[in-house]
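> This is the structure I have questions about; it appears just below.
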Amino acid sequence: MIFNIYKPIGWTSFDVVNKIRNITREKKVGHGGTLDPFAEGVLIVGTGKETKKLSAISDNIKSYRAVLKLGAETDTLDLEGKIIKTKTVPKLTESQVASVLKNFIGEY
């Protein structure tokens, strides 16, 4: 079977696969692309013979939505760190933000 599973923040993609493995009792379980533990979203999971279809699914175009917190730097450079520096963020227009985000479009 192929499942669309909501992966919450804090879980790894392997955590989701492991949970599905335990629920379904399938030995062969895989996912169609890793989501960072800080990310939440849909993780495509396949079981049994359906795992062979995951590469075709993961080759499709994906889109992402981001929430940003500007003006704070942490000691770990992520959400879990202690804030070590803050800075006033100037008023930004939607077009300024969109212009910067265009730099993230493409293959990684």
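The values are calculated or read from the model by the stated rules, or taken from the named source; none is laboratory data. This one's a predicted model, so the numbers in the text were calculated from it and none came from an experiment. Cβ atoms come from the backbone with ideal geometry, glycine included; neighbour counts cover every protein chain shown. We work out accessible area using only protein heavy atoms, side chains counted, and drop any ligands, DNA or RNA first. Shrake-Rupley method; radii C 1.70, N 1.55, O 1.52, S 1.80 Å.
> What's the longest piece of the chain with no exposed GluC sites (Glu not before Pro), counting a site as exposed if DSSP puts it in a loop and it has at most 12 other beta carbons within 10 Å?
1-79
> If the cut-off is 22 Å between C-alpha atoms, which lysines fall inside it for K91, apart from same-chain ones fewer than 8 positions away?
Leaving aside lysines fewer than 8 places away in the same chain, those within reach of K91 are K69, K102.
> Taking each pair of distinct Cα atoms in segment 1-64 once, what is the resulting Kirkwood hydrodynamic radius in Å?
Across segment 1-64, the inverse of the average 1/r is 11.7 Å.
> Please give every one of the lysines within straight-line cross-link reach of K52, meaning a C-alpha to C-alpha distance under 28 Å, and leave out same-chain neighbours fewer than 8 residues apart.
Partners within reach: K7, K19, K27, K28, K62.
> Can you list which of the trypsin sites (Lys or Arg not before Pro) found in segment 1-79 are DSSP loop residues with at most 13 other C-beta atoms within 10 Å?
R25, K27, K28, K62, R65, K69
> Using a 1.4 Å probe on the protein heavy atoms, what percent of the accessible area of segment 15-99 belongs to carbon and sulfur?
Reported share for carbon and sulfur atoms: 54 percent.
> May I pose another question? Would you compute, from DSSP H runs of 4+ residues alone, the mean residue ellipticity of the chain at 222 nm, taking -39500 (n - 2.57) per run and dividing by the full residue count, rounded to the nearest 500?
So the calculated ellipticity at 222 nm is -6500 deg cm²/dmol.
> In angstroms, what radius of gyration and Dmax does segment 60-100 have, counting Cα atoms only?
According to the Cα coordinates of segment 60-100, Rg and Dmax are 13.5, 39 Å.
> Find the relative contact order for the chain and round it to a whole percent, using C-alpha pairs within less than 8 Å whose residues are 6+ positions apart.
21
> In the P(r) worked out for the chain, what percent of Cα pairs fall beyond 24 Å?
Tail fraction, whole percent: 43.
> Here's another thing I want to ask about it. Lys and Arg at +1, Asp and Glu at -1: add these up for the other residues within a Cβ distance under 10 Å of T47 and post the number.
+3
> Can you give the net charge of the other residues whose Cβ lies under 11 Å from the Cβ of K7, counting K and R as +1 and D and E as -1?
Once positives and negatives cancel, what remains is -2.
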